[in-house]
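Asks: To start, I am sharing the structure in question, which I have written as structure tokens.
Any read-out appearing in this document is the output of simple, stated calculations on the displayed coordinates, not a laboratory observation. Bear in mind that the values here come from a model prediction, so they are computed numbers and not experimental data. For neighbour counting, all protein chains shown are included, and Cβ atoms are generated from backbone atoms with ideal geometry for every residue, glycine included.
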Amino acid sequence: MSDWGVTNTDNQTIQYCFPNNNLSCTRNVRFEFEYVTVYIFISVISVLTVILNLLVIISISHFKQLHTPTNVLILSLAAADLMAGLILMPVQGMKLIESCWYFGEIFCSIFPLILYVIVTVSLGNLIIISVDRYIAVNDPLRYPIRVNNNRVVFSIVVNWLFSTFYSFYLLYDYLLFPEINHTCIGECILAVKLENLIIDAIVCLVAPCCVIISLYVKICFVAKRQAEHLNSATDKKARSEKKAARTLGVVVMVYLLCWLPYYLITLSLGHDENDALIINVMYWLLCLNSCMNPLIYAMFYPWFRISTKYILTLKIFEPSSEYFNLFPDEK
């Protein structure tokens, strides 16, 4: 143990993040069972998130039937969720159990920016998806004219650019002067001003909630009204649109349930060093949402289950596999 720490007057070993550096932070010692349990959980959830979102991305990219404006938005959401599984979940998961930061000062500065960009992009995708579903249900005849792949791609690009600039603005002081909040080597604490937390709550919670919830309330009313005037020719199409709206509504509700605890905690506690564990748990909850979205697709979308079967059985490598029928009920 002499390589890692010294013994204090209470005969308790004090361990350091970097034992050969006099400026090193102290390291919390936990039971081996805690380390094993948390790391297994982190690994399983991260790998599951990556695999599920890769299946969504491959499905929508490969099969021609899935090249629709709504699915392009789902593709963008899956890309953000994939990045969360590859980067955010492993690192944020380690912060739940490790009191030391071993990735260096540069990544300590960049990681919060990556975190904010990805979660903000996901939220922006959900807003655009809500608008897309509202137009599809409210104005189905003009939907192909008003919404096409080019316009959707443009909205996705704007969403990613806005999320990047917004996150940079929110973390401007921290990105330029990360060392201000560090008292020793091996420490990585995100400090955000209270006014920025309030702005973030308005931009990423209050405003989106108002937009998304109001749109889905209107969708429900329109769908109910249309159900009273359906005929056999439009019945199947209307049911399909309503099912898509309902599924994406579930995605939105799960997303908001993951976000609400984060803002309730951060606005009440801020980013206090003494509450670092609670804040890290809230961040992990945000990241965990990236694993929930493809699970929702698997439960509600038959095409996702069929395309996953084709992918896992390697049938996508067959000639003309991109033209496989993923909607057998429509034959």
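Asks: Would you mind giving the average projected area, over all directions, of the Cα convex hull of the range 72-133 in nm² with one decimal? Walk me through the intermediate numbers first.
Replies: Details: hull surface 18.2 nm².
In nm², the orientation-averaged hull projection of the range 72-133 is 4.5.
Asks: Rank by packing, highest mean first: peptides 136-143, 313-320, 249-256, 286-293, with packing defined as the count of other Cβ atoms within 10 Å averaged across residues.
Replies: Order by mean packing, descending: 286-293, 249-256, 136-143, 313-320.
Asks: In addition: How far apart, in nanometres, would the label points at LYS64 and GLU322 be if each is projected 7 angstrom from Cα along the Cα-to-Cβ direction?
Replies: Going from the LYS64 label point to the GLU322 one covers 0.8 nm.
Asks: Ok, one more. Between VAL250 and LYS218, what length comes free when the chain is fully extended (0.36 nm per residue of separation minus the Cα-Cα distance, one decimal in nm)? Kindly include the intermediate steps, with their values, before the conclusion.
Replies: Working: separation 32, 0.36 × 32 = 11.52 nm, distance 1.57 nm.
Here the segment from VAL250 to LYS218 would lengthen by 10.0 nm.
Asks: What's the ranking of 152-158, 69-75 by average number of surrounding C-beta atoms within 10 Å, highest first? Provide the component values of the computation, followed by the final result.
Replies: Working: 152-158: 15.9, 69-75: 22.9.
For the peptides 152-158, 69-75, the packing ranking is 69-75, 152-158.
Asks: Right, next: Scan around ILE185 for amide H atoms under 5 Å from its own, H built in the peptide plane at 1.01 Å from N, and keep only partners 5 or more places away or cross-chain.
Replies: So ILE185 has HN proximity to SER24, CYS25.
Asks: Please report how many Lys pairs in the range 31-313 have alpha carbons closer than 27 angstrom, counting only residues at least 8 apart along the chain or sitting on separate chains.
Replies: Step by step, the pairs that qualify in the range 31-313 add up to 18.
Asks: Averaging over all projection directions, find the projected area of the Cα convex hull of the range 31-313 and quote it in nm² with one decimal place. Show your work: numbers first, answer last.
Replies: Working: hull surface 66.6 nm².
Averaged projected area of the range 31-313's Cα convex hull equals 16.7 nm².
Asks: Between ILE202 and LEU86, 0.36 nm times their residue separation minus their Cα-Cα distance comes to what? All intermediate terms of the calculation are to be shown ahead of the outcome.
Replies: Values: separation 116, 0.36 × 116 = 41.76 nm, distance 2.84 nm.
Result: 38.9 nm gained on full extension.
Asks: Once you have the Cα-Cα distance between VAL281 and LEU23, take 0.36 nm times their residue separation minus that, and quote the gain in nm to one decimal. Walk me through the intermediate numbers first.
Replies: Numbers: separation 258, 0.36 × 258 = 92.88 nm, distance 2.75 nm.
So the extension gain works out to 90.1 nm.
Asks: While we're on this one: Express in whole angstrom the spacing between the alpha-carbon centres of the range 182-209 and the range 22-100.
Replies: Between the Cα centres of the range 182-209 and the range 22-100 lies a distance of 21 Å.
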